[in-house]
Amino acid sequence: MVHYRRNFVAGGTYFFTATLHDRTAEWLISHVHLLREAFRLARRKRPFDVDAIVVLPDHLHYIWTLPSSDANYPHRWRLIKSRFSRSLAVAGAPVRRNTEGEYDVWQRRFWEHTVRDEGDFQTHVNYIHYNPVKHGLVKSVAEWPYSSFQRFVRLGWLTVEWAGDSSLADRTIGE
């Protein structure tokens, strides 16, 4: 059995990828309101700051920062995944239970990367915002509605034209 080593840093900033068990399902966007509610409830119980996000049909990428006295991001993911799974079943989505009796909605694990510095943060924010274009869902980053990109534009951190084509994916306003 593989033993995962997680990096726990109180107050740390992390990049995550979480994926649905069924990669053909589109539950994350077809039931995005349930996903938002799961995140809201998790943040109410165990606060964290939302830095950047993109939700795609079968997976999501997220950067968040934990409170300075807390490093327990796995608990937050359990809250999010379990709430979304239960809500999906209640909404009538065709979710099955696995051999342990759990809803078989998510892949068991999630991928985590501790953000090291500002450059690493920017690289992951760019990756997050460009992901819908990379997957062929839209031609321009600005077209994807399930992303923090528009918030970055409103704050003046990116322009609406940013990454309109792949040659701009590594550029920000200051460059």
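Values quoted throughout were computed directly from the atomic coordinates according to the rules given, and no laboratory measurement underlies them. Only a predicted model underlies this, so the values are computations on that prediction, with no experimental measurement involved. Backbone-built Cβ (ideal geometry, glycine too); neighbour counts: all protein chains shown.
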| said: If you fit an axis through the alpha-carbon atoms of helix 118-134 and take the longest principal axis of the Cα set of the chain, what angle between them do you get, 0 to 90°, nearest 10? | reply: 80
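Would you compute, from DSSP H runs of 4+ residues alone, the mean residue ellipticity of the chain at 222 nm, taking -39500 (n - 2.57) per run and dividing by the full residue count, rounded to the nearest 500? List each step's numbers first, then the result.
Working: 5 runs with 59 residues, N = 175.
One gets -10500 deg cm²/dmol as the mean residue ellipticity at 222 nm.
Out of the trypsin sites (Lys or Arg not before Pro) in region 23-66, which ones are loop residues according to DSSP with at most 11 other C-beta atoms within 10 Å?
Values: sites: R23, R36, R40, R43, R44, K45; in loops: R23.
Here the sparse-neighbourhood loop sites are R23.
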| message | For D51, what residues show an amide H to amide H distance below 5 Å, using hydrogens built from the backbone and excluding near sequence neighbours? | response | I63, W64, T65
| query | Between W111 and W157, what FRET efficiency follows from the Cβ-Cβ distance if R0 is 22 Å, with the result rounded to 0.05? | reply | 0.30
| query | How far, in degrees from 0 to 90, does helix 73-90 lean away from the longest principal axis of the Cα atoms of the chain, to the nearest 10? | reply | 70
| remark: So, with points 7 Å from each Cα along the Cβ direction, the V32-S68 label distance in nm works out to 3.5
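Peptides 95-104, 123-132, 13-22: what's the order by average Cβ count within 10 Å, highest mean first? All intermediate terms of the calculation are to be shown ahead of the outcome.
Working: 95-104: 11.8, 123-132: 21.1, 13-22: 18.7.
Result, highest mean Cβ count within 10 Å first: 123-132, 13-22, 95-104.
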| If you wrap region 7-150's Cα atoms in a convex hull and average its projection over all directions, what's the area in nm²? | 8.8
